[in-house]
Structure formats: C-alpha cells, structure tokens
Amino acid sequence: MSAPEGEEWTGGCLCGALRYRAAKGPVRAVICHCEMCRKVSGAPLLSFVHFPLDGFQWSEGEPSYYRSSADAERGFCPICGSTVSMKETVLDDRVQVSLGSLDRPGDVTPDDHVWTQSQLPWLHIDDRLPRYPRNSPAAPSLAVEAD
Ligand SMILES: [Zn+2]
Ligand SMILES: [Zn+2]
C-alpha cells in the first residue's frame, strides 16, 4: 500500500498508553460490518489493517484482550478502552490493528467490505470496493454469524 518505502507504520490508542510500530507495510485492510465489530467499537462499522507479525511490535504497553469467540480475541487499551487490535487463530502470521488507531489512517485504502449482510440500512458508502455478505475470499476466516 501507499506508505513511503522504508518508513515505519505507527499508531496507538486514544490515551497513548498503547503504541505500536510495524516495519513492514500492510498486507490487507478490511471494513467489517459484523455485529461484534459494531458492539466492540460502538461505531457503525470497524476497519482493520493487517500487518505481518514479523516486524510488528508494541512499543508502549500491551493490549488487554477480550475473547469474543472461540477463534478470535479483541485487543483494547486497559486505560482508555480504545479498540486497537484483533487476533484470529487462522491469521496468526499477522497483527490486525484498528484502522483508526493508525497515526496516518489516510495512508491505507481498504481492500473490501465484509459481513455486509449485517450492514446498517441507512449507511451508504460509494467507494466501489468489493463487498461480501460474509467473509472475503482474500483471507481465511472462521467467523460465523447468524444469518
Ligand atoms: Zn489508551
Ligand atoms: Zn467484524
């Protein structure tokens, strides 16, 4: 994606207790409309950016984790509560951080929308990105949600 070559990607939570850096650029970014992402963020949708585990580090603090399903944990700041990350057992080669936690979120263009079957009816985004009712073929997932 469009990060200047050799430049690190950085981000963190609202209060600054959690900070991270990624030496390698994102391998994927996704906009998720599922109910769990909505609940955990309090927002109509949630976007995650996937960085290779290799080269990623928490430079300040460590997230607390909430196990939201058998295969996924949600990382958040224990002080300010910001949603900062997501771990999925089938994607253990990468770290997913919330797009809004990036210092320069505008540098990332998401690849697609997933779980649009749960998208809020009043939300219309004319970005022409691929849209999938459930998971995207771009990444393995064990996510399931009632139809
Ligand atoms: Zn914080
Ligand atoms: Zn989701």
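Any read-out appearing in this document is the output of simple, stated calculations on the displayed coordinates, not a laboratory observation. Values in this document were obtained by computation on a predicted structure and should not be read as measured data. Every residue, glycine among them, receives a Cβ derived from its backbone with ideal geometry; neighbour counts consider all protein chains shown.
Any idea how far apart A23 and Q57 come out in nm if each label point goes 7 Å out from Cα toward Cβ?
0.8
Using just the helices of the chain, give the 222 nm mean residue ellipticity in deg cm²/dmol: DSSP H runs with n ≥ 4 each add -39,500 (n - 2.57), and the total is spread over all residues, rounded to 500.
-1000 deg cm²/dmol
How far apart, in nanometres, would the label points at D103 and S64 be if each is projected 7 angstrom from Cα along the Cα-to-Cβ direction?
Reported label-point gap for D103 and S64 is 2.7 nm.
Evaluate the charge dipole of the stretch 1-140 about its Cα centre and quote only its size in Debye, nearest 20, assuming +1 on the Cβ of each Lys and Arg and -1 on the Cβ of each Asp and Glu.
400
Tell me, R134, R38 in order of fewest to most beta-carbon neighbours within 10 Å?
R134, R38
Quickly work out the R128-to-E7 label distance, labels modelled 7 Å from Cα along the C-beta direction, and quote it in nm with one decimal.
Distance between label points: 2.5 nm.
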